[in-house]
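Chemist: Pasting a structure below so you can have a look.
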Amino acid sequence: MSESHGPKHYIRVWAILVTLLTVSVIGPMFEIRVVTLITAFGIACVKAYLVAANFMHLNIEKKLAVYMLTTVLVFMFLFFAGVAPDVMKLEGNNWEKPGVKAMVAEGLAHGAEHH
């Protein structure tokens, strides 16, 4: 069956979660894209694992959790594949994104100045 953890274990996990939260909030303040991506996505995955492993007691229903996770990931990728062709373009048949076009042009001009 599942092994029992005392309050110290949960306090330790909570302290780790608070520390990771602090790092994920402070990371983007450095304005380094790689650091921001690592703190945003990498730490979020670690925190999600810690919560699932220590507080949701998924060790009791491992098969169900794997099926649910797989189903959610499949639906997420299907959703992305369905909307990405429209959302990632700057213009379409009946719409356009002038604000985004201006931001892209400004970013390209700004990037050319620094190179």
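Chemist: Would you mind telling me which residue in Val66, Val13, Val83 has the biggest mean-square fluctuation in a Gaussian network model of the chain, where springs connect alpha carbons within a distance under 10 angstrom?
Modeler: Checking each option, the largest mean-square fluctuation is seen for Val83.
Chemist: Take the Cα coordinates of the chain, assign each an equal point scatterer, and use the Debye formula without solvent to give log10 I(q)/I(0) at q = 0.20 Å⁻¹.
Modeler: Here log10 of I(q) over I(0) equals -1.17.
Chemist: With the contact rule set at Cα under 8 Å and sequence spacing of 6 or more, what percent relative contact order holds for the chain?
Modeler: 17 percent
Chemist: Using a Cα-Cα cut-off of under 27 Å, which lysines could be cross-linked to Lys89, ignoring same-chain neighbours fewer than 8 residues away?
Modeler: Within the straight-line limit of under 27 Å, Lys89 reaches these lysines: Lys97, Lys101.
Chemist: Pick from Ala44, Ala81, Ala102: which residue has the top mean-square fluctuation in a GNM of the chain where Cα pairs under 10 Å get a spring?
Modeler: Top of the fluctuation ranking is Ala102.
Chemist: Between Phe30, Phe79, Phe55, find the one with the highest GNM mean-square fluctuation for the chain; connect C-alpha pairs within less than 10 Å.
Modeler: In this elastic network of the chain, the residue with the biggest mean-square fluctuation among Phe30, Phe79, Phe55 is Phe30.
Chemist: Give me the one-decimal Kirkwood hydrodynamic radius in Å for segment 1-49, with the sum taken over alpha-carbon pairs.
Modeler: That comes to 12.0 Å for segment 1-49.
Chemist: Counting other beta carbons within 10 Å of each Cβ, put Ile43, Ile11 in order, fewest first. Walk me through the intermediate numbers first.
Modeler: Values: Ile43 19, Ile11 10.
Taking fewest neighbouring Cβ atoms as first place, the list is Ile11, Ile43.
Chemist: At a Cα cut-off below 23 Å, give the lysines reachable from Lys8, other chains included and same-chain residues fewer than 8 away excluded.
Modeler: Lys47
Chemist: Would you mind calculating the gained length between Val87 and Tyr49 on full extension (0.36 nm times residue separation, minus the Cα-Cα distance), in nm to one decimal?
Modeler: Length difference between fully extended and current span is 10.7 nm.
Chemist: Per residue of segment 16-32, what does 6.51 cos²θ - 1.76 cosθ + 1.60 with θ = phi - 60° give for ³J(HN,Hα)? Whole Hz please, x for Gly and Pro, Karplus curve as stated.
Modeler: Once θ is set to phi - 60°, the couplings for segment 16-32 become 5, 4, 5, 4, 5, 4, 4, 5, 5, 7, 6, x, x, 5, 6, 6, 10 Hz.
Read-outs: derived from the displayed coordinates by stated rules, not from any lab. Being a predicted model, the structure only gives us computed values, none of them experimental. FYI the Cβ positions are ideal-geometry reconstructions off the backbone, even for glycines, and counts take in every protein chain you see.
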